[in-house]
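Here the structure is laid out as structure tokens; the discussion comes afterwards.
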Amino acid sequence: MKKAFIFDLDGVLVSTDRYHYAAWKSIADEEGIYFDETINNRLRGVSRRESLKIILERAPRTYGEEEEHALAEKKNERYRASLENLTPADRLAGVSETLEALRRTGALLAVGSSSKNARYILGKIGYGDYFDAVVDGNDIVNGKPDPEVFLKAAALLHLSPCDCYVVEDAKTGIDAAVRGGFCAVGIHDAACYDRADHAIKAFSDLLGL
Ligand code: BG6
Ligand code: MG
């Protein structure tokens, strides 16, 4: 087992997918842009502005910089409102016990998320002070598949990438991990991605790495 685990947040520790989808869907509907769950899958792991660009691929007209900014803000307001009711019960299956068990092995635990809401979400699910390092969308210039978010987390842990697992549910996150020299662990959607070094079916499978 390696010295540290760097976890993606959305889709790995907590499921926020349906909230992202509902907020983007309401914006797309208002703008008359086709948007469905398949397109939504492409937004996984991708920054808010990049997500909007993917949605606007189907727009009947072009949008200016200011308009794009306003749409991204509006989406975030709706998304934030839906996060208000998050509680520790929204941690995904096996997360609480597995993190505790990993900690008992002496492993360091960190979060590397594209989301600018990551610290808010961590607070809501009772993990405000839990992790040894948190790097999120506010701390980086280049989003996944650039490895910046994970490299910053490893630096905060004073570890080399080769000493860390990165646990991801998004292909773009696995790409980032591989590019950064980490050991990439795919779960959920990313479990069938052949670039991942390990694939796990359940979060608790991390204990068997
Ligand atoms: C990632 C999600 O964690 O965060 C993406 O998988 C999302 O779908 C991205 O677009 C940015 O999130 P936020 O909270 O900054 O809008
Ligand atoms: Mg994710």
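Convex hull of alpha carbon positions in segment 10-167: directionally averaged projected area 9.7 nm².
Once the convex hull of all Cα atoms in segment 38-93 is built, its volume per residue stands at 100 Å³.
What's the longest bit of the chain with no exposed GluC sites (Glu not before Pro), using DSSP loop states and at most 15 other Cβ atoms within 10 Å as the test? Don't jump to the answer; show the numbers that get you there.
Working: sites that count: Glu57, Glu84.
The longest such stretch corresponds to 85-209.
Rounded to the nearest 500, the 222 nm mean residue ellipticity of the chain from helices alone is -12000 deg cm²/dmol, with -39,500 (n - 2.57) taken per DSSP H run of at least 4 residues. Only lysines eight or more places from Lys201 in sequence, or on another chain, were considered; those with a Cα closer than 27 Å are Lys2, Lys3, Lys124, Lys144, Lys171. Taking the square roots of five times each eigenvalue of the Cα gyration tensor of segment 93-162, the equivalent ellipsoid has semi-axes of 20, 16, 9 Å, listed largest first. Against the longest alpha carbon principal axis of the chain, how many degrees, from 0 to 90 and to the nearest 10, is the axis of helix 148-157 turned? The two axes meet at around 30 degrees. Take the alpha-carbon centre of segment 136-191, take the same for segment 1-58, and report the distance between them in whole Å. Between the Cα centres of segment 136-191 and segment 1-58 lies a distance of 17 Å.
Report, to the nearest whole %, how much of the accessible area of segment 114-201 belongs to carbon and sulfur atoms, 1.4 Å probe, protein only.
The computed percentage sits at 48.
Note that the chain presents 46 Å² accessible area per residue, ligands and nucleic acids not counted, probe 1.4 Å.
The values are calculated or read from the model by the stated rules, or taken from the named source; none is laboratory data. The structure displayed is predicted, hence computed values, not measured ones. Quick reminder, even Gly has a Cβ in these numbers, built from the backbone with ideal geometry, and neighbours come from all protein chains shown. Calculation scope for accessible area: heavy atoms of the full protein, side chains included, ligands and nucleic acids excluded. Shrake-Rupley method; radii C 1.70, N 1.55, O 1.52, S 1.80 Å.
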